[in-house]
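Worksheet for the structure shown next.
Read-outs: derived from the displayed coordinates by stated rules, not from any lab. Quick caveat, the model's predicted, so the values are computed rather than measured. Note that we place each Cβ from the backbone using ideal geometry, even for glycine, and neighbour counts take in every protein chain shown.
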Amino acid sequence: MASMRDIKRRKVSIQSTQQITKAMKLVSTVKLQRAKQRAERSQTYFLSMYQTVVNILKRSGYMEHPYMKPNVSGKKAVIVITSNRGLAGGYNSNIVKLITQQEWKKEEVIIYAIGKKGRDALRRKGYEVIADESEMINEPLYSDAMELSDRLLQDFSDGKIGEIYLAYTHFRNTVSHIPTMLKLLPVDMEEAAEKSEIDSEVEDKTLMNYEPEEVEALNMIIPKYVTSIIYGALVEAVASENGARMQAMDSATSNAEEMIGSLELQYNRARQGHITQELTEIIGGAEALSN
């Protein structure tokens, strides 16, 4: 059985940790409120952008355009959005699992990492990381998403990559964060139509007419579409990270409270046993003197 001194030291240590988790929970709560408002404001626009582009392409019929078909490269580019810090429960590990559980060969996958945790975990698992944009997640900007989009589209046009995917955490609400894999290019019409929730009953059989020509129009539309989706994912990922960290720190604080209660009980029992032992020794000594 642990001594009273050991129990007391353990209790003090857990109380110190509990103070840290409480502080981290408060910080995450404040950050979550800002990130949540930003995510909720942006979700409508980026969902509308996704639906609009998919609807346009769905009504366009077959088009001979580089963005509409896989190129000669068999490489899959995956934009992986995680955090730069831990202590967020399963937030980072869920995204890593989302990628490793895909039926892809490692040599076929190229990682464009946003977030140190995902970058390091995937490197340890043998994936090739060719881009590290970890600082982008600290304060997402539309201009950052545009730069990454331009690089990806250039690599796609040059034949370095054949498909572009996005792995991020969708922010549904404060307690619900969903790891999501989204295919950006080439556009998969069936999958995109399902995710964009286009009403099939309203589908118009009339093909889309372009002004200017369809190739020129898509050259303008697709980059904005990719940029918007990346930026929307960054904003939602920040909100999800802070929500996950707030939940993790709340659980850690509750667990510390339970451990402190258990240690107090152990301490009281040890103290009672120590007092009983001293009384027994005193009584035994008194009896020995009287004899």
Problem set entry | Expected 222 nm ellipticity per residue - DSSP helices of 4 or more, -39500 (n - 2.57), all of the chain, to 500 | -21500 deg cm²/dmol
Exercise. Most mobile of 19, 272, 43 per a Gaussian network model of the chain (Cα springs, under 10 Å)?
Worked result: 272
Exercise. With labels modelled as points extended 7 Å from the Cα through the Cβ direction, what inter-label distance (nm, one decimal) is found for residue 120 paired with residue 289?
Worked result: 6.4
Seminar exercise, completed: So, relative contact order of the chain in percent, Cα under 8 Å, 6 or more apart, is 32
For this session: Please give the length that would be gained between residue 106 and residue 38 if that part of the chain were fully extended, namely 0.36 nm times their separation in residues minus their C-alpha to C-alpha distance (nm, one decimal).
Result: 21.0 nm
Seminar exercise, completed: Sequence order, the stretch 272-288: Karplus ³J(HN,Hα) from phi using 6.51 cos²θ - 1.76 cosθ + 1.60, θ = phi - 60°, Hz rounded, Gly and Pro as x, gives 5, x, 5, 5, 4, 5, 5, 5, 4, 5, 5, 5, x, x, 5, 5, 5
Seminar exercise, completed: Correct semi-axes for the stretch 28-247, from √(5λ) of the alpha-carbon gyration tensor and rounded to whole Å with the largest first, are 29, 21, 15
For this session: Please work out whether the stretch 218-291 counts as rounded, prolate or oblate from its C-alpha gyration tensor, where a ≥ b ≥ c are the square roots of the eigenvalues and a/c under 1.5 means rounded, while otherwise a/b larger than b/c means prolate and anything else oblate?
Result: prolate
